[in-house]
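What follows draws every value from the coordinates through simple rules; no lab data is involved. Small disclaimer: the values here were computed from a predicted structure and weren't measured. Note that we place each Cβ from the backbone using ideal geometry, even for glycine, and neighbour counts take in every protein chain shown.
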Amino acid sequence: MNQRLANKVALITGGTSGIGEATAELFVREGARVVIVGRSREKGEAIASRLGNNAHFAVADVTREEDIAQAVEVTTSRFGQLDILFNNAGGPAGGADLLQSVTSSQIDQAVRLLLSSVILGIRYAIAPMQANGGGVIINNSSIAAVRTHQGDILYSALKAAVTHYTKLAGLELGPLNIRVNSISPGAIATPIFWGGSARANTLSEEENSRKMEKLKANLVNATPLPTCGLAEDIAEAAVYLASDAGKFVNCHDLVVDGGRTSMFNG
């Protein structure tokens, strides 16, 4: 069977748990060489070791511009090129639940994590992709960008910005043969529901597993389908957008939610 990402090099932020980890695993199986970026060196190196010689871990905090630039440099130094960037890193926006109580520090942190990381990731990926004749950028957005009560106010507003920035970037970079798309997951069973990858990294494997099984059972009722969404479902969407199967897809937001957004159409 042909590997869908043979001879491709990918950089995945937020790659040490959930969607990022599942995507790294699938990308490697599909023939890509992958640099996994995250804040937990122990977790990241364990994942890279498990995935073999075609995976490498680079510690980075995507709220820091210099770390983003360094992650791109590590990718090109390690594997010689950059074909795919998955701006996946994210998490809760600091608990800003009410308009009258949101703080400047919450805004600043949320913007750096959810929006600036995407904007700067794109910026630093352009040069190596252009030098290699093109590439693919995928931004992880959310159905919270288009529906209310799917996340806190800052998370929702900033994910809407990610979706729109994706379209703007795709328009500008298309002539360089760089496609830019986003994925909007619905209710996907990942550690974001109990505090994101940073929180998950502080818990034991047993505790994370217990929380995941409880979450899966709860999320069965989140869509019209009799199942819950898994990180692997988003990984498959990322492979489609990154591969030649999606070669004519640009400026698009791919919703992967099992029909959840239709439940709110009224």
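Work out the count of Lys pairs in the stretch 9-255 where the Cα-Cα distance is under 23 Å, with the pair 8 or more places apart or on different chains.
On the way: Lys43/Lys211; Lys43/Lys214; Lys43/Lys216; Lys159/Lys167; Lys167/Lys247.
So the count of such lysine pairs works out to 5.
Over the stretch 36-178, what is the relative contact order in whole percent, taking alpha-carbon pairs under 8 Å and six or more residues apart?
With pairs under 8 Å counted, the relative contact order is 23 percent.
With neighbours defined as other Cβ atoms within 10 Å of a residue's Cβ, the residues Phe57, Phe86 order from fewest to most as Phe57, Phe86. Taking amide H positions as modeled 1.01 Å from N, with prolines and chain starts lacking one, the residues under 5 Å from Arg39 and 5 or more places away or on another chain are Ala60.
Could you state the angle between the C-alpha long axis of helix 153-173 and the longest principal axis of the C-alpha atoms of the chain, as a value from 0 to 90 degrees rounded to the nearest 10? The two axes meet at around 30 degrees.
Rounded to the nearest 500, what is the 222 nm mean residue ellipticity of the chain from helices alone, with -39500 (n - 2.57) per DSSP H run of 4+ residues and division by all residues?
Values: 9 runs with 114 residues, N = 266.
Using -39500 (n - 2.57) per qualifying helix, the result is -13500 deg cm²/dmol.
Between Ala160 and Thr227, what is the FRET efficiency for a Förster distance of 35 Å, r being their Cβ-Cβ separation, to the nearest 0.05? Mind showing how you got there, number by number?
Details: r = 27 Å, r/R0 = 0.78.
Once rounded, the FRET efficiency stands at 0.80.
Just how large is the dipole of the stretch 9-255 about the Cα centre, in debye to the nearest 20, putting +1 at every Lys and Arg Cβ and -1 at every Asp and Glu Cβ? Dipole size: approximately 160 debye.
With respect to the chain, whose longest principal axis is taken over its alpha-carbon atoms, helix 117-131 is tilted by about 20°. Compute the helix-to-body angle for 18-29: its Cα long axis versus the longest principal axis of the chain, expressed 0 to 90° and rounded to tens. With both axes taken from Cα atoms, the answer is about 30 degrees.
Note on the chain: Cα Rg divided by 2.2 N^0.38 Å, N the number of residues, gives 0.94. Averaging the sequence gap over all C-alpha pairs within less than 8 Å and six or more residues apart, then dividing by the number of residues, gives the chain a relative contact order of 20 percent.
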